[in-house]
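Here the structure comes first, spelled out in structure tokens, and everything after it is commentary.
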Amino acid sequence: MMNKQSINKLNLFFLGLQNRFNENNLIFKGIYVTFSTGLKEFKGVGKLENNKIKYNFNGRTDYFTIDDIFKKISEDAAIYDNLSLIYKERGTDILITADNKNVKMTNTENKSEEIQASHNSLETSSLLNRDYYIKVGKADALLKEIGIMTQDGKIKNDKIRKYNQIDHYVELLEGVIDKLPENQTINILDCGCGKSYLTFVLNYYLTEVKKKKCHFIGLDYSESVINSSKKMAKNLGYRNMEFHAIDINNYVPDKKINVVISLHACDTATDMALALGIKVNSDVIIAVPCCHREFLNQYSYEPFKSILKHGILKSRMADILTDGMRSLFLEAKGYDVSVVEYISPLETPKNLMIRAIKTKEEDTKALEEYLNLMKNLNVYPSLYSYINNK
């Protein structure tokens with residue numbers, strides 16, 4: 001039997017775990033308990049179900065609050081010689097061991113599947129020689145769910161390029177992530193989320209690597225892709241996500257939005273997302289635009305008339321003007337903006353990423369320049385329309 005002194009120490013550790021659960025139970029995965037006396041072992045497993053811990057021990061299943069399950073485990077510990085308890089979260093295992101001599105707690109990253117050497121896929125020369133942000137081994141469950149990895153743990157040959165793309169996406173956002181508010185939940189809104197692959201990747205990275213508390217909201221008008229995203233979130237156990245089949249223009253957030261993301265939203269859907277980000281005063285706005293069409297039939301510029309008579313040149317210039325004016329408008333609204341290559345132009349010509357970080361109040365000079373461009377180019381951008389008329 002475990003002595004009273006060890007039980008008291010154990011209860012102190014349990015109190016810390018209770019506080020940890022109450023602070024962020026969305027990343028809780030389970031409690032795994034092993035009691036032992038002599039050579040005999042008795043195992044218990046607790047999983048979250050309908051806001052209660054479903055706990056199976058010695059063939060019996062009961063439902064507990066987080067406080068009551070630790071009280072139960074503490075009472076049971078008193079009749080055994082040893083206790084080993086693993087409190088599992090996404091990305092972290094907390095191990096508590098106790099006997100009559102010592103009570104110890106260690107906090108480690110999840111170690112199941114972390115040995116990269118066993119993954120033959122890393123030996124292929126097609127994978128970049130780089131230190132990946134989304135690592136094979138630790139991120140296997142995610143990589144399998146989004147179709148990058150086979151069930152036996154190898155990166156699919158036809159998905160190597162995709163794997164490199166999603167990892168570079170995280171790399172581009174690394175510096176932005178570090179500028180987000182500390183010690184609070186980061187709310188991230190994905191506009192036109194589609195199947196949400198990159199949002200799942202960002203969720204993994206923020207939660208399990210950066211250890212930030214975050215919540216994701218995915219919007220798309222397609223009911224089928226929203227249902228697909230919900231299913232993936234359930235399969236992965238990502239409870240810090242919600243998805244809504246809704247038009248971006250009709251969405252009204254019920255919480256402070258820190259990051260707005262728009263990835264490959266077609267044509268003016270990108271402008272809808274940028275406008276929403278500006279309206280909700282988002283700390284960060286990230287956009288990878290696609291399918292520029294709006295300016296092509298609008299703009300004209302007399303000094304370039306002899307150049308723009310060539311259709312392909314006029315089309316490419318329209319793309320540049322569209323994203324350039326989007327960036328300038330963000331600057332006018334107080335954002336520090338950078339435009340970078342998201343992926344190689346060999347992959348797709350639609351390869352620009354606009355990164356905007358709110359740093360100041362509105363810039364009237366930038367707005368004046370924007371309005372002058374509207375006049376000189378004879379354009380009326382949807383972004384300006386969404387901000388001022390809707």
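The values are calculated or read from the model by the stated rules, or taken from the named source; none is laboratory data. All values derive from a computational prediction rather than experimental measurement. Ideal geometry is used to build each Cβ from the backbone, glycine not excepted, and the neighbour counts take in all protein chains shown. Each accessible area value is taken on the protein alone, full model and side chains, heavy atoms only, with ligands, DNA and RNA left out. Shrake-Rupley method; radii C 1.70, N 1.55, O 1.52, S 1.80 Å.
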Going from the alpha-carbon gyration tensor of the range 218-266, what semi-axes, largest first and in whole Å, does one get by taking the root of 5 times each eigenvalue? 18, 15, 11
Take every Cα pair under 8 Å in the range 257-364 that's 6+ residues apart, average their separations, divide by the length, and report that relative contact order as a whole percent. 27 percent
Under Stokes-Einstein, with the Kirkwood radius over Cα pairs standing in for Rh, what whole-number D in µm²/s applies to the range 51-91 at 4 °C and 1.567 mPa s? 113 µm²/s
Cα extents of the range 181-288 along the three principal axes, largest first (Å): 34, 31, 24
For the chain, with all protein chains present and a 1.4 Å probe, just round the carbon and sulfur fraction of the accessible area to a whole percent. 50 percent
Quote the Stokes-Einstein diffusion coefficient, in whole µm² s⁻¹, for the range 151-217, based on the Kirkwood radius over alpha carbon pairs, a temperature of 4 °C and a viscosity of 1.567 mPa s. 98 µm²/s
Rotationally averaged projected area of the range 228-340 (alpha carbon convex hull; nm²): 9.3 nm²
Report Rg(Cα)/(2.2 N^0.38 Å) for the range 4-80, keeping two decimals. 1.10
What lysines does Lys309 reach when the alpha-carbon gap must be under 30 Å and sequence neighbours fewer than 8 apart in one chain are set aside? Lys350, Lys375
For a quick protection proxy, order the peptides 136-149, 288-301 by their average other-Cβ count within 10 Å, most packed first. 136-149, 288-301
Per residue value of the accessible surface for the range 269-390 (all protein chains in place, 1.4 Å probe), Å²: 51 Å²
Shape descriptors of the chain over alpha-carbon atoms, Rg and Dmax in angstrom, are 25.8, 92
